[in-house]
1. In nm, to one decimal, how far is the modelled label at Arg549 from the one at Val702, with both set 7 Å along Cα→Cβ?
2. Starting from the Cα of Leu287, step 7 Å along the direction of its Cβ; do the same at Leu760; then give the gap between the two resulting points in nm.
3. Under a point-charge model restricted to the Cβ atoms of Lys and Arg (+1) and Asp and Glu (-1), what is the dipole moment magnitude of region 459-506 relative to its Cα centre, in debye to the nearest 20?
4. In whole Å, how far is the Cα centre of region 23-40 from that of region 680-712?
5. Run the reach check for Lys445 against aspartates and glutamates, Cα to Cα strictly under 12 Å, same-chain hits fewer than 8 apart removed. What comes back?
6. I need the calculated FRET efficiency for the pair Met1 and Ala342, taking r as the beta carbon distance and R₀ as 22 Å, to the nearest 0.05.
7. Tally Lys and Arg at +1 and Asp and Glu at -1 over the other residues with C-beta under 12 Å from the C-beta of Arg486: what net charge comes out?
8. Determine, at each q value in 0.30, 0.31 (inverse angstroms), the log₁₀ of I(q)/I(0) that the Debye formula gives when each Cα of region 1-43 is one equal point scatterer.
Amino acid sequence: MGQEIRQATRRLVRSPVFTLAAVLTLALAIGANASIFAVVQRVLLNSLPYPDSDRLIELDHRVPRLNAPSFESMPLGLYYLYADRARTLEAVAAYRADELTLTGDGDPERVRVTRATTSLASVLRVSPERGRWFTSEEGAPGARQVAVLSHGLWMRRYGGDLGILGRPVTLSGVPTEIVGVMPASYAFPDPRVDVWIPDQVTRAMGFGIFTHTCVARLRDGAGVEDARAELNGLIADLPQSHPSSPLAVSLAEEKLRSTAVTLKEATVGSVTRALWILLASVGLVLLVACTNVANLFLVRSEARQREVAVRRALGAGRLGIARYFLTESVLLSIAGGVIGLALAWGAVQLLVAFGPPNLPRLEEIRLDGVVLAFTFTLSALAALAFGAIPLLHGAPLAASLHEGGRGHTASRARHRARHLLMGGQIALALVLLVSSGLTARSFQKLRAKDPGFDVRSALTFRIGLPDRKYPNRAAAAAAHRAMLDRLSALPGVTAVSASTCLPLSGGCYGNTLRVQGRPERQDAPRPIVLFRAVAGGYIGAMGMQLRGRGIDRGDVDRSEPIVVVNQALVDAFFPNQDPIGQHVASNKPPARPGEAPNLTWLAIVGVVSNTPIRALAEARPTPMLYMPMSIAGGPEIPAAALVGPNVAAMSYVVRSATPPFGLVSSVRRAIDAIDANLALAEVRTLQDALDRASAQMAFTMVLLAIAAGVSLMLGVIGIYGVMSYIVSQRTGEIGVRLALGADPGSVAGMIARQGGRVALAGITVGLATALAGSRLIESLLFDVSPRDPGVFTATALTLLAVALLACWLPARRAARLSPLDALRAD
C-alpha cells in the first residue's frame, strides 16, 4: 500500500491540471456542505444547552376568533394557575423583557434585562458560573433587588473581575447587588440579555394584561399534547375557579386555547425550513461536483486503458487494479476534504461575525466533532465513488493492448456515461439557478416595497426613564418633552419626535378595539390592533403619508382624546366608510361581572400609510392606532382604566440635513443636560432598521446565489472538459472529414449540436425538477410565485447560452484543425 501511495502521488503530480481541477472541485463542494451542515447541526439538530431540554416547553396561547397568531405572553394569573394545578408540568417559570439603565463603574449603559420568577433556574436546571441565582425571598415585593449578570456583560464592563459578587450597582435608579454571573453558554431567552433580576410579582396581580412569557418542564411520561389538553381544561374551568375575576371569566368566554410548543421549536421554528433548503442546495452542489470529477476520472481512465491492460497482462488481479485507482481517488478526496474543511472554518467565522442577527443560536455555530465526521464521510464516499468508475468501464484486454488501442474512439456506452453525467450537471445547476433566481427576485421586490415612511437621513435611539425618578405618566411625558425641545434646537435637525415603538422594531402594545355605536358580535372574528403612544409631530418626522391631520404638540399637552389610524385599521373596521370623526376605544372587560366596561372614547382625526411591525415581508399589514403619549396608560394604571402603552421608554427619531451618525455626540450632550444618568440604546438609522428587516432573506439569497454560482461554474467546466475530450478523441475522424472537403463550419456545428442536444436534455429535466419542487421554497419568497415564468425562462435561456458557449469553444478549435495534422495525430 505504501508503494501504491507513492506511485499514485507521483502520477497526480505529473498531471497537475487534472489534480488541481479535481481537488478544488471537491474542496468547494465539501467546504460548502460542511459549513452549512455546521449551521444545521448546531441550530436544528443539537439540543438546547439545558439538561433534558427536550422536556422544556413554551406556554403559548391563541384565541381562535382573533385574527392573530399565537401569543407568546400571558397574564400572571395563568402562570399561578398552571404552577398550582397543572399535573403534567413539573415546574413553571414566568419572565418578561425589559430595558434598564445601568450606572456605577462607568458611563450609563442601557442594558437588556429579563425579569424572571425565581423558579426559572430550576425549570432550566442551570446554575450561575459564579455566585448564585436569586432566592424566593428576593422575588417577593419590597425585597432588596439583586441581579445576575451575563458572562458577556461581566467581561465587557467589568473585565471579568473575580470580585464582582456583592458589588452594588444601580439599575434605573434602584440600588442592586450583583449576586451571580451566568456561564458563557447561557443565553436565555436570547443572547442579547445582559442581566437577570427577580420579577417581584404576587398572585394579587391576577389576570391583567398579557405581560409574561412562560416556560415549563414536562413531568416524566407527559408530552406536549398532554400538557395542551390539561391547560385547556384549566382555562375552561376559570369561571368556576375564579368567578370574582371578570378578566379570568373573559378568557374562558373568548375560548383562549393553549398552543404550547417545545422550547426548541419556539426558538428555531422560524428558520427551520430555510436552513433545510440551504442544506439541500449545497447537497446539489456536491452532486454537481461529483459528476464533474466523475467525468474527469472517466476521461482519465480511458486515456490509461493501455497502462491498465499491461498491468492485467502482467498478472495484476481485480484487487490490484482497484487498489491502483482507489489510491488516487482517496488521495484526491483527502486533499479536497482538508481544503474544504479549511474553507468551511472560514465560512463559519464569517457567518458568526456577519450573519443575520435574528438567526437563532448564531453564537453556538462552530465546527465540532460531528462536522469533522460529516466531512470525513463525504470525502470517503467521494473516494469510493470516483475510484469505482474506472472499474465499471474496462475495455477488452486484447483491444487495449493492440497497437492501435491508443487511437480507439470510446464506445457508445462510454459516450452515454459522459453525456448522462454532463446532462445531470446541467439539470442540477438549473434547479439551483431557479431557486437562486426566485429568491433574488423576491429580495428585489422586498427592497422595492414602500415601508410607509422615509428612511433617509434619520437617526433613531431609545431612552428609558427610571420609575423612581419619573413615578407617573405626567412626569415621564414632561421629561420626554424637555428632551425633544433640546434635540429640536440642535444644528442641522429638521424634525424630531418619539414613539413607544418604531416600525420594524416589534414590541408594540396590542388589544382589541371597540367602535362607538357599533354592537360587538361575540361570534365575529376580531383583529388585534397595535397602539403607539407618540409625541407631537411624529407623523411628519417619520415622513408618513397623512390624510386628515396628525397629532401636534398642543394635542399632547392637552391630552386630547384623539387618534390617528393606519389604512389597515380603516380596511378592517371602516370598509367603504370615512373613518375621520368616528370614535374608538381600547377594549377591556368590566370592573365587575355583568357591568358594562368604562371605555375611553378617542376620536379619529387622520389616516396614515401602513408601516411594517417586525419584518418587511409581513403577509398583511397590521391595524395600528397612534395616540398622544399623555393619555393614560401603562403599568401604573389599573387594568380597568387602561387605554394605551406605557411611555417610560420611548424611541426617538431625529431627522437632519446632515449625516445622521454625525449627530450622536450632540444628542448625547443634549440628553445629559436633562438627566446625565440616562443612556442611549439601539442607536441606528432608519435605513439600518430597514436593512436588518431584510437581513434573513438577504442571507438566504446570498447563500443560494453562491451555491448556484458554484454549481454553474462547475457545470460549465464539466461541459467544456467533456466536449474538449470528445474533440481530442475524434481528431482522426475530423481530419478525414476535413481532408474529404467538409466545411469547417459544418464540423463545428456537428460538435456543437452534439453538446447542445445533451444541454437541452439536461435543461428539460432540470425545468421539470424545478417545477415539481418549487413549492418547497414558497415560504422563503415574498410577492413572487414559486413558478414565476419569467425566472424559469430567463434561467433556462441563460444556462442554455452558457452551455452552448462551452460547447462552441471546443467545436471552433476542431474546425480550425489542419487535416494533415489531424491525420498525423491519429
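Rule-based calculations on the coordinates, nothing more; no lab input. Everything numeric here is computed off the predicted structure, so don't read it as measured data. Glycine gets a Cβ as well: all are built from the backbone with ideal geometry, and neighbour counts include every protein chain shown.
1. 4.8
2. 2.4
3. Around 140 debye, computed over region 459-506.
4. Taking the Cα centre of each part, region 23-40 and region 680-712 sit 21 Å apart.
5. Asp783
6. That gives a FRET efficiency of 0.25.
7. Taking every Cβ under 12 Å from that of Arg486, the sum is 0.
8. Here the Debye-derived log intensity ratios amount to -0.93, -0.95.
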